[in-house]
1. Is it the case, given these coordinates, that V296 is touching a residue at least 60 places away in the same chain (Cβ under 8 Å), under 19 Å from A362 (Cβ atoms) and among the aliphatic types (A, V, I, L, M)?
2. Among the residues of segment 249-280 satisfying the criterion of being open to solvent by 40 Å² or more (accessible area, probe 1.4 Å), touching a His at 6+ places or on another chain (Cβ under 8 Å) and among the charged types (D, E, K, R), which is nearest to E159 (Cα to Cα)?
3. Restricting to segment 173-192, name every residue that is under 29 Å from A304 (Cβ atoms) and surrounded by 15 or more Cβ atoms within 10 Å (Cβ to Cβ).
4. Considering only segment 326-347, state which residues are out of contact with any His (no Cβ under 9 Å at 6 or more places or on another chain), open to solvent by 10 Å² or more (accessible area, probe 1.4 Å) and under 23 Å from R446 (Cα atoms).
5. Report the residue count in segment 377-432 for those that are touching a strand residue (DSSP E or B) at 6+ places or on another chain (Cβ under 8 Å), acidic (D, E) and surrounded by 13 or more Cβ atoms within 10 Å (Cβ to Cβ).
6. Just for segment 128-171: of the residues that are within 12 Å of A102 (Cα to Cα) and touching a Gly at 6+ places or on another chain (Cβ under 7 Å), which one is surrounded by the fewest Cβ atoms within 10 Å (Cβ to Cβ)?
7. Just need a number here: residues in segment 461-471 that are modelled with pLDDT under 95 and either open to solvent by 30 Å² or more (accessible area, probe 1.4 Å) or touching a helix residue (DSSP H, G or I) at 6+ places or on another chain (Cβ under 6 Å) (or both).
8. How many residues, within segment 284-309, are assigned to a loop (DSSP other than H, G, I, E, B) and either in contact with a Cys (Cβ under 7 Å, 6 or more places away or on another chain) or farther than 16 Å from M167 by Cβ (or both)?
Amino acid sequence: MWLLARRSLWVRPGRTLLFLSGFALAVGVMIALLSVGEAIVGQARDKDLVGGGDLVLVPEGSDVDVLKLGGVTAMFATIPNARFVYRQLLRGPRFADAIAEASPAWAGRPVFLRARPGGTVVQSLASATVPSLERAVARSSLPPAWTDSPGETRLALLEGPALYDEMDHAHRPAAAQAASWAEWWYFNLLDPASGRFAYLSYFVAGDPFGGRARGSLSIQLGAPGRPATRHGFVVAADSTAVSLDRAEVTITGPEGRATVRVVDGVYHLEGRFRDERGGSMVRLDLRVVPRPRAYVPPVVLSGAEGFTSGYVVPAVLARATGTIEAGGVRASFDQALAYHDHNWGTWRDVAWDWGQVQSPDAEVALVYASVHAAELERARHVVFIGAADGFLGVLRPDSIAYGGWHDGPPLDGRPVRVPGTIALHAAGEGDTLEVRLRVEDVAASRPPGDPRAPGGGRVFLQMRGAWQVRGRVGGRRLDFTAPGAAETFVTP
C-alpha cells in the first residue's frame, strides 16, 4: 500500500495532493459536526444551559441524530398544539407526580430584519421564552426587567375565561371552500333524574364574510315516555353572525333572535324566535358552566382538494341551568349534565362517529370521534379522556363495533335499521379502556344536502342510552355506568 502511494505521488503529484487535501477537509468537517452534536447533547443534559429542565420534548418521529447534526429535516421543527401540551399534558394531572415545573421555549429561529423599506436585510437568529415560567424552572439569565407580555401571559394560562375566546371563535373559509363551508356550535343537556334532554345546534353554512351564508338554530327536546320534538329557524347570515376572536354566535332575522356568548367563563344561551315548524314562539334562557380544565384542544384534519375539518370541545364536563319553552312545553334544567363542542370546515358528504359520556359525579368524561370523507386517506378513531382537573389520556381504538341491528324509527315511510349496542376497546402506554353503550333511544333524520327521496342518501342517527366504562387511564381507575349520547350515519 505504501509502495502504491509513493509511486502515485511520484507519477501524479498534483492530483494526489488534491485528493489528500479533499479527504482531509472532509474528515475535518465531520469531526467539527460530531463535536457540535456532542456539545448539543451536553447542553441538553445541562440544567443551567437549558433553563433547568430535566427533559427536552421534540416532535414525534424526529431523528435525534439529525437534530444533533443540524440536518435539513431538523429545520423549523415545532410541537403541534404546544399550548395544550404545556397546559394539560405537562401541567395536568397525568404527570403531576413527575413534573414540578415546565417552561416552553422557542430557540434558534431565523429572522430577517430590515431597518426601513428598501433597506439592507440582516439575517439573524431569535429565541423566545415566557420569563415567569423560565424563572420558575430554575436559575435564569434573563434581565429582572423582563416580564411576561400579554401574549406570554395567555400562553401560560392553565384555565380562565380567555381560553374560550381563544379556542371557540369562528374561522374564515378560503374562497375555494366557501360553498361547502360550515361552522356549528353544539350543546348537549341531560337531566339524569328526570331523563329530560336537549340538543341545541347553532349552524352557519357558507361564507358569512362574503355575504353568502345562512344561519340556523335547531333544538331537539325529549323526555321519557314521549317522542322528541324539533324546533328551529333559518335566516340569512353575514359576518356579524360570528366572531373571529370571540366565542360569540348570533342568529337573527324577522323570525327572532338567538345568541351564544361567554361572560366570565360561563356560556349564556338566549333566544326568542318563531318556530318554523309549528309557528309557536320558542324561548331560550340557559347558563352552561364548564369545568375550566376539562376541554379538548382544537384539532384540524386536512385532506385532498383543500379539505378541512376542525374540531374542539371547550366543555367536556359542564353543568347547565335554565329553561327552554317550545311547543307549549316548558323544560327546566337545574345543574343538568352538559357538554359543548364546535366543528368547522367542509361539511357536505362528510360523516362521523361520535360519542360522549360523563361519570355520575361529573369528575371524569370521555369523548370519542372519527371523521369520514373521500378527501381523507382514512378515518382514525380517537378517544379523549379528561377529568375535572385536566387531561388524562388519548387512546386510538382500531374500530368502533356496532351490533344488535334492528328496525328503528320510520323515515320516509320506512323503518331505519339502527344499532342496539356500540362498543370500543383501546389500549396503549399502560392505559386500557372498555366502553359499551346500550342504545335506548334513536332519532333519525336526513343530513343537509343529501337526497331526500325515499331510500336515497344517508341517514343521520342521534342515539341515547347507558354507557358502561371500564379501565385505567393516567393511573386512575374508571368504573361507572352513566347516561350518554352517540351519533353515526347509516345507509338505508
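The values are calculated or read from the model by the stated rules, or taken from the named source; none is laboratory data. Small disclaimer: the values here were computed from a predicted structure and weren't measured. Quick reminder, even Gly has a Cβ in these numbers, built from the backbone with ideal geometry, and neighbours come from all protein chains shown. Accessible surface areas use protein heavy atoms only, side chains included; no ligands, DNA or RNA. Shrake-Rupley method; radii C 1.70, N 1.55, O 1.52, S 1.80 Å.
1. Against the criterion (touching a residue at least 60 places away in the same chain (Cβ under 8 Å), under 19 Å from A362 (Cβ atoms) and among the aliphatic types (A, V, I, L, M)), V296 qualifies.
2. Looking at residues that are open to solvent by 40 Å² or more (accessible area, probe 1.4 Å), touching a His at 6+ places or on another chain (Cβ under 8 Å) and among the charged types (D, E, K, R), I get R261.
3. Matches in segment 173-192: P173, Q177, A178, S180, W181, A182, E183, W184, W185, Y186.
4. Once the filter is applied, which keeps residues that are out of contact with any His (no Cβ under 9 Å at 6 or more places or on another chain), open to solvent by 10 Å² or more (accessible area, probe 1.4 Å) and under 23 Å from R446 (Cα atoms), segment 326-347 yields N343, T346, W347.
5. Residues meeting the conditions: 1.
6. It comes out as A138.
7. 1
8. Qualifying residue count for the region: 2.
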